Amino acid sequence: MKRSAFFISDGTGITAETLGQSLLAQFEGIEFDKNTLPYVDSLSKAEQVVAQINQAAEQDGERPIVFDTVVNEEIRALIAQSNAFKIDVFASFLNPLEQELSTRSSYSVGKSHAISQMNRYKERIDSVNFAIDNDDGARTQQYDQADIILVGVSRCGKTPTCLYMAMQFGIRAANYPITEEDLELNELPPSLRPHRNKLYGLTIDPFQLAAIRHERRPNSRYSSLDQCTLEVREVERLIRQENMPLINTTTFSIEEIATRIMADTGLKRKTGQ
């Protein structure tokens, strides 16, 4: 079964898409053709959107599902005329909040993603730069500035997790790939030992690791199942030997990995001063 889904906003569309994706993910038996339509901020653009929705309805033989976070009431009313099942995020949540708080919402476009707290925004940008500078064991001399250091085999998800933690939480996350040379020491590499309390281990299923590495270096020793199995086994042994926290990334998204690490370590989102 297939249905079209639209995430419509007069801003970036991030809020509509995030909420819509979360809700649609609960219906595993349905394949959704997803379309994000940001910056629908005029009646002429809204008319084009309505035509696109109606065309999808005609092609599918079913009403598309529409999630919108449009502020302008005229634009919302126009979109509501489309042949779709429409979920108005603002109407669903803001109206009850207005009643509870006994005050009217400002209905400001892009308010949820505005740079309203410059300190917090700067913290996130600095954290992203830190994650990039300290990727794959680079600049280990900066580890004293890190909030957390992710360790594990190459290609187990360390880099995207560090970047996500930086962008979403303002966390200064570094990562260090454990190599065969490191494993010969049978203990933590010297650059990691002073920062023992910041270390967090990542591991992964060897079969998935081999598939990921094969895309980067096909038919190489680096991507062979035997090599991946050896590295995963030995790195897990080292992590347990050092009593470090450990998460298996095989079945988790980057968002889930980062959130679990935040919860496990007690790290808090940087809010600025």
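The values are calculated or read from the model by the stated rules, or taken from the named source; none is laboratory data. Given the structure is predicted, the values throughout are model-derived calculations rather than measurements. Reconstructed Cβ throughout: ideal geometry from the backbone, glycine too, with neighbour counts over all protein chains shown. All accessible areas refer to the heavy atoms of the entire protein, side chains included, with ligands and DNA or RNA removed. Shrake-Rupley method; radii C 1.70, N 1.55, O 1.52, S 1.80 Å.
Structure summary
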| quantity | calculated |
| --- | --- |
| Condition check for residue 174: of a type outside the set (Asp, Glu), under 23 Å from residue 144 (Cβ atoms) and open to solvent by less than 30 Å² (accessible area, probe 1.4 Å) | yes |
| Hits in segment 55-95 (condition: more than 22 Å from residue 2 (Cα to Cα) and either of a type in the set (S, T, N, Q) or assigned to a loop (DSSP other than H, G, I, E, B) (or both)) | 69, 70, 71, 72, 81, 92, 95 |
| Residues of segment 21-57 classified as of a type outside the set (Lys, Arg) and more than 20 Å from residue 78 (Cα to Cα), total | 13 |
| Subset of segment 103-119 [at pLDDT 65 or above and either open to solvent by less than 40 Å² (accessible area, probe 1.4 Å) or assigned to a helix (DSSP H, G or I) (or both)] | 105 |
| Every pair of residues 6+ apart whose Cβ atoms lie under 7 Å, when the first sits in segment 81-103 and is in contact (Cβ under 8 Å) with a residue 12 or more places away in the chain while the second is open to solvent by 90 Å² or more (accessible area, probe 1.4 Å) and of a type in the set (D, E, K, R) | 83/63; 84/63; 85/63 |
| Residues being over 10 Å from residue 232 (Cβ atoms), open to solvent by less than 70 Å² (accessible area, probe 1.4 Å) and not hydroxyl-bearing (Ser, Thr, Tyr) - total across segment 197-207 | 4 |
| Condition met for residue 33 (in contact with a Pro (Cβ under 9 Å, 6 or more places away or on another chain) and surrounded by fewer than 14 Cβ atoms within 10 Å (Cβ to Cβ)) | yes |
| Enumeration of residues in segment 16-54 that are in contact with a helix residue (DSSP H, G or I) (Cβ under 6 Å, 6 or more places away or on another chain) and part of a loop (DSSP other than H, G, I, E, B) | 40 |
| Matching entry among 60, 10, 41 (being more than 30 Å from residue 253 (Cα to Cα), acidic (Asp, Glu) and touching a residue at least 60 places away in the same chain (Cβ under 8 Å)) | 41 |
| Evaluation of residue 50 against (1) touching a residue at least 40 places away in the same chain (Cβ under 8 Å); (2) in contact with a Ser or Thr (Cβ under 8 Å, 6 or more places away or on another chain) (one fails), failing number | (1) |
| Qualifying residue in segment 8-28 (condition: of a type in the set (D, E, K, R), open to solvent by 40 Å² or more (accessible area, probe 1.4 Å) and within 28 Å of residue 256 (Cα to Cα)) | yes |
| Restricting segment 132-163 to residues that are of a type in the set (S, T, N, Q) and over 12 Å from residue 192 (Cα atoms), the residue that is surrounded by the fewest Cβ atoms within 10 Å (Cβ to Cβ) | 145 |
